[in-house]
Amino acid sequence: MTFNELILSRQSVRRYAGTAVEPEKLNQCLEAARLAPSASNSQPWKYIVVDQEPLRTEVAKATFSDIQLINKYTLQAPVMIVIVMEKAKLITRLAMLVKKKEWPLIDIGITAEHFCLQAAELGLGTCMIGWFDEDKIKKLLQIPSDKSIGLVISLGYAVEGYPQRTKIRKTVDEMVRYNQY
């Protein structure tokens, strides 16, 4: 598969089959995430793989509520990945203060996309989840109170016949400017 084919095939999966994810495929995804670039090579992330019951179900339940049900599909995913933000290197933290930029958030996005692209290449489905009960997940996974969760990713095989959606994106002309805004 070419890179272009990979990015065209990668999509958020919201219906999972009950098939377990093979450990070697999970490890390939984690290795791809590990190799992601980060500001000053800080690698400000820690991945928590949640694949044991009933913990996996409880983490999945923390991604939706009575008010927001859209993430209820996470109950079907055989693996939940929680990305915890770690402290960046001192040089990066100083630069963040000066430039008023949150580079670790950008770094979390890059490592998460490495994970998801590798999963797509291996025939696995993922969905990055930003809506979750952080306090509940931190308690469930014994994450220290001074840490924050950057993203949660559901992982598994899409149900058979899961539709490949056409990507609806802005055109290049709508999103690109040359030499000025």
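Values quoted throughout were computed directly from the atomic coordinates according to the rules given, and no laboratory measurement underlies them. Since the structure is predicted, the reported quantities are computational estimates derived from the model, not experimental observations. Positions of Cβ are backbone-derived with ideal geometry, glycine not excepted, and every protein chain shown enters the neighbour counts.
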Fill in the blank from the handout: Ranked on Cβ counts within 10 Å of their own Cβ, fewest leading, Asp135, Asp66, Asp51, Asp107 go Asp66, Asp135, Asp51, Asp107
Problem - Distance cut-off 18 Å, percentage of C-alpha pairs in the stretch 3-162 lying past it - result: 59
Handout entry: Using a Förster distance of 45 Å, the FRET efficiency for Tyr162-Ser40 (Cβ separation, nearest 0.05)
Key = 0.70
Fill in the blank from the handout: Listing Met96, Met175, Met80 by rising number of other beta-carbon atoms within 10 angstrom, fewest first, gives Met175, Met96, Met80
Handout entry: For the stretch 137-149, 3J(HN,Hα) per residue [Karplus equation, 6.51 cos²θ - 1.76 cosθ + 1.60, θ = phi - 60°, Hz, x = Gly/Pro]
Key = 5, 4, 5, 4, 9, 6, 7, x, 5, 7, 9, 10, 9
Fill in the blank from the handout: In whole µm²/s, the translational diffusion coefficient that Stokes-Einstein assigns to the stretch 97-181, given a Kirkwood hydrodynamic radius over C-alpha pairs, 10 °C and 1.306 mPa s, equals 97
Completion exercise
Asserting the computed 222 nm helical MRE of the chain (DSSP H runs at least 4 long, -39500 (n - 2.57) per run, divided by residue count, to nearest 500) equals -10500 deg cm²/dmol
Problem - Label-point separation, Val172 to Asn27 (7 Å along Cα→Cβ), nm - result: 4.1
Completion exercise
Site Ile70, offset 7 angstrom along Cα→Cβ, radius 17 Å on amide nitrogen, limited to the stretch 127-156, gives 127-134, 151-154
Completion exercise
At R0 = 30 Å the Cβ-Cβ FRET efficiency linking Gln180 and Leu97, nearest 0.05, sits at 0.55
Problem - Distance in nm between pseudo-label sites at Ala17 and Gln52 (7 Å out along the Cβ direction from Cα) - result: 2.7
Handout entry: Footprinting exposure proxy for Val152, Val21 (fewest neighbouring C-beta atoms within 10 Å first)
Key = Val21, Val152
Exercise for the section: Work out, step by step, the length gained on full extension between Ser148 and Ile106: first 0.36 nm times the residue separation, then minus their alpha carbon distance; give nm to one decimal. Expected result: 13.7 nm
